[in-house]
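The values are calculated or read from the model by the stated rules, or taken from the named source; none is laboratory data. Just so it is clear, the model here is predicted, and its values are computed rather than measured. Glycine gets a Cβ as well: all are built from the backbone with ideal geometry, and neighbour counts include every protein chain shown.
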Amino acid sequence: MKSENTSSIKKLKKQENIIGYLFASPWLLGITLLGAFPILASLYISFTTYDMISAPTFIGLKNYIILFTNDTIFWKSMWNTVYHVMISVPLGLVTGISLALLLNNKIKGMSVYRTMFYLPNVVSIVAMALLWMWLFQPNFGVINELLSPIYKLFNMEPLQWYQSASTSKITLILMGMWTAGGSMVIYLAQMQDIPVSLYESAEVDGANWIQKTIHITLPLMTPSIFFNFIMGIIGGFQVFTIAYIMTNGGPSRSTYYFAYYMFDKMMTDHSMGMASAMAWILLIIILIITTFALRLNKRVVYLGEES
Amino acid sequence: MKKLLLFLVVSMVAVGLLGCDKDTTSDKTEIIFWHMSPVGSESYSGMKTIIADFNDSQDLYYVKGVGFSFWDYWDKLSVAIASRTAPNIGLSTIDDVVSRASSGALYDLSTLMDADTSGVNTIDLNEFRQSQMDFATYEGDLYAMPFTATTRALYYNLDMFEELGLTEADVPTTWSELKTIAKMFDVVENGEIKRLGFDPTYGDATYHGWLWEAGLDFFDDNLDPTLNTQGHIDVMNWILDFNDDLTRAQLTAFGEENTLLGLNPFASERVAMIIGNDGLYQTIINSGATFNYDVAMIPIPDENGVHVNWGSGFSIEMYNNGNDTDAEVQGTYEFLKYLLSSDVQLELAEVNGWIMSHISAMDIYVENKPIMQKLLVEVDYARDKVYVPYAPSWHGNDWQPYYTQILNGELTPAEGLAAARANYLEKQENYNSVN
């Protein structure tokens, strides 16, 4: 009787696996045919010199050696990108969590507020960039107009925002915060899952809002915080569009990010081999950082009580 | 219900299939032509008519035109050439034809011309400037033909001149005259520029353009970067000192106001003089401006100045994707000849407002257009920039960051030029080590 049950369970599991693979087959085929081939091709091209017209010529590791040892702009673009990631990821987390905490209330019209904060995520990035160019325009932009009393108070020159190499990176990061509503939605969803009984128990013990936030909300939100952290790092290292539209990588290459340089290597220098090598370097950097972050997973992320 | 649904689906499929049937073109060889007159552009209908006229005259070939905006065109073409999905024929930049020809991406037009005995629209090479055709020549053969003949000139606002009691005789011809006259037009109110006489960084003015006028260049004959002479520094200082009574922040703000408002500073009468190409003539017409203006040669240095301007014309070329049939190649060549014929070049000039490459056709085109006549004279002084394999964008991405730093005062001219030169040398070394 027992062996009969075991074999039917095995049969069911097999059937379930087949159905699973069948459902996943479009994606599996897609990743194999449309994903794996270009990925492997780019790996090969990274070991070649290839102007995108003539046939690629194998040159071994030369592209990598040049990038690491004799390409000043490579390091400049790398620093710009690391700077962007280091500031924008923590700032994005804090902004997203803060918004979520503010909007996790049962007051009238809350859904309207939530929609308003999420709305920037559905605006075209080109339109967003142009809008912010107007706002941040140093001479007639609204932001400097609003800040003019502060400038007068401290007797300082108006900030040049994206027009100055010293403030351009921060300007683009601040602009990026406008879309923090995207992560806010994820945080809010997780907050809704936190059992009310925990808050009730805390209230019985006399906990205030800050104590409840620190000891209940934030620990239970760590899975979504961690998810947004990882996604933020990946997205941060790929930053490109906003600089391409707003600053053309300038001024003085201060917003010339890694992905921008990679794009120029391909499109303007016609050096596909070098661009592919850069793509693989970027992939490895992201892999290392993500692996390191995942190792922290068990230590910093609350994954539920062990049974 | 099911029957009704089935009937509807079958009917829609049938109507769709009927709609797809092009009985006039199905037996013709299709030629794809990429141009810069996308749907919605002012030149779209004109370009469509030109293509339709060719199609009406053909029994064997059918040209399908695909228009992209100028800004989208280049990336799309680069990717298409790389992936061997380029159109049969399209426009490109004439200064780097050699790079495409040497890689086998283009058909040898000389061979096609030699084999052409049809007598229809035969290309008369005497109708095209040798200086342009030299750029389209690789190993003695033509791999492209000049399509447009872009030129740059000094546009000046005659009404503003008259307002200050100046006449056409006062139009500057040298750098020192330019500065003296320009300063008369400046209007600054509360620290904000309301009107500017001239700025050597506005419009189509470029550092390499000014260098050429001073008999200098970015590269020597071996394509090694120069930029390290006192002459280069002097030209840069002239640019920096031109509006030294104004701050760079004021000039940048003034320029950005125009950009953000989508205004051409000359067409909107915010500058008295500007360097512009022949396209500015059309821009002024399109903007509905009513002021009087004229064009002249770009002022040259007071001593040993060279009358020259940056051309940057388009080429027309046939792309070799490696799988084209003989009929496609022949049909494309017939269309190329058609586009380069006198009548069509005239039509193209009317449609786009460009100065085309056909010399006689342009003589006719400018007959009743005094400003265009002067621009056409400047075409003979136009020069294209050299193609540098290790830095194809030497005048753009590679140069602009240093130029901006110098203009903003972050680097002195000597420091900025030295840094730019070091970058070119690094690129040259890296390129040579893998090619």
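Summary table below
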quantity: Residue B:294, sole failed condition from (1) more than 14 Å from chain A (Cβ to nearest Cβ); (2) assigned to a strand (DSSP E or B); (3) crowded, with 18+ Cβ neighbours inside 10 Å; calculated: (3)
quantity: Enumeration of residues in the range A:226-280 that are buried (at least 21 other Cβ atoms within 10 Å of the Cβ), within 11 Å of chain B (Cβ to nearest Cβ) and of a type in the set (Phe, Trp, Tyr); calculated: A:256, A:260, A:261
quantity: Filter result (out of contact with any Lys or Arg (no Cβ under 9 Å at 6 or more places or on another chain) and either within 14 Å of residue A:102 (Cα to Cα) or outside the structural domain of residue A:243 (by TED's automatic domain parsing) (or both)) within the range A:168-182; calculated: A:180
quantity: Where a residue in the range A:126-137 is among the β-branched types (Val, Ile, Thr) and its partner, wherever it lies, is at pLDDT 85 or above and crowded, with 16+ Cβ neighbours inside 10 Å, with Cβ under 7 Å and at least six apart; calculated: A:126/A:245
quantity: Test for residue B:168: is it out of contact with any Leu (no Cβ under 9 Å at 6 or more places or on another chain) and of a type outside the set (A, V, I, L, M, F, W, C); calculated: no
quantity: Filter result for residue B:298 (farther than 24 Å from residue B:62 by Cβ and modelled with pLDDT of 95 or more); calculated: yes
quantity: Criterion (of a type in the set (Val, Ile, Thr), touching a helix residue (DSSP H, G or I) at 6+ places or on another chain (Cβ under 7 Å) and not assigned by TED's automatic domain parsing to the domain that holds residue A:213) met by exactly one of A:31, A:66, A:53, A:87; calculated: A:53
quantity: Filtered residue count, the range B:232-254, keeping only those that are in contact with a strand residue (DSSP E or B) (Cβ under 9 Å, 6 or more places away or on another chain) and either more than 14 Å from chain A (Cβ to nearest Cβ) or among the small types (Gly, Ala, Ser) (or both); calculated: 3
quantity: Total residues in the range B:409-435, condition facing chain A (nearest Cβ under 7 Å) and either in contact (Cβ under 8 Å) with a residue 60 or more places away in the chain or more than 24 Å from residue A:65 (Cβ to Cβ) (or both); calculated: 1
quantity: Options A:164, A:168, A:77: the member that is surrounded by 15 or more Cβ atoms within 10 Å (Cβ to Cβ), under 30 Å from residue B:433 (Cβ atoms), within 14 Å of chain B (Cβ to nearest Cβ) and hydroxyl-bearing (Ser, Thr, Tyr); calculated: A:77
quantity: Checklist (1) of a type outside the set (Lys, Arg); (2) within 23 Å of residue A:49 (Cα to Cα); (3) modelled with pLDDT of 95 or more applied to residue B:63, failing item; calculated: (2)
quantity: Extreme residue, farthest from residue B:295 (Cα to Cα), among residues of the range B:367-402 that are in a helix (DSSP H, G or I) and hydrophobic (A, V, I, L, M, F, W, C); calculated: B:379
quantity: 3 or more residues polar (S, T, N, Q) and over 24 Å from residue B:391 (Cα atoms): qualifying helices (runs of 4 or more DSSP H) within the range A:193-275; calculated: A:218-237
quantity: Flag for residue B:223 being at positive phi and surrounded by 15 or more Cβ atoms within 10 Å (Cβ to Cβ); calculated: yes
quantity: Selection within the range A:108-140 - assigned to a loop (DSSP other than H, G, I, E, B) and within 12 Å of chain B (Cβ to nearest Cβ); calculated: A:137, A:138, A:139, A:140
quantity: Residue tally, condition within 11 Å of another protein chain (Cβ to nearest Cβ) and in contact with a strand residue (DSSP E or B) (Cβ under 6 Å, 6 or more places away or on another chain), over the range B:78-101; calculated: 3
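So that you can scan it fast, the table gives a plain yes or no per residue for (1) of a type in the set (A, V, I, L, M, F, W, C); (2) under 18 Å from residue A:87 (Cβ atoms):
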position	(1), (2)
A:169	no, yes
A:175	yes, yes
A:188	yes, no
A:223	no, no
A:243	yes, yes
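Here's the yes/no breakdown for (1) modelled with pLDDT of 95 or more; (2) among the basic types (Lys, Arg); (3) within 18 Å of residue B:184 (Cα to Cα); (4) buried (at least 17 other Cβ atoms within 10 Å of the Cβ):
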position	(1), (2), (3), (4)
B:234	yes, no, no, no
B:250	no, no, yes, yes
B:254	no, no, yes, yes
B:257	no, no, no, yes
B:260	no, no, no, no
B:263	no, no, no, no
B:268	no, no, no, no
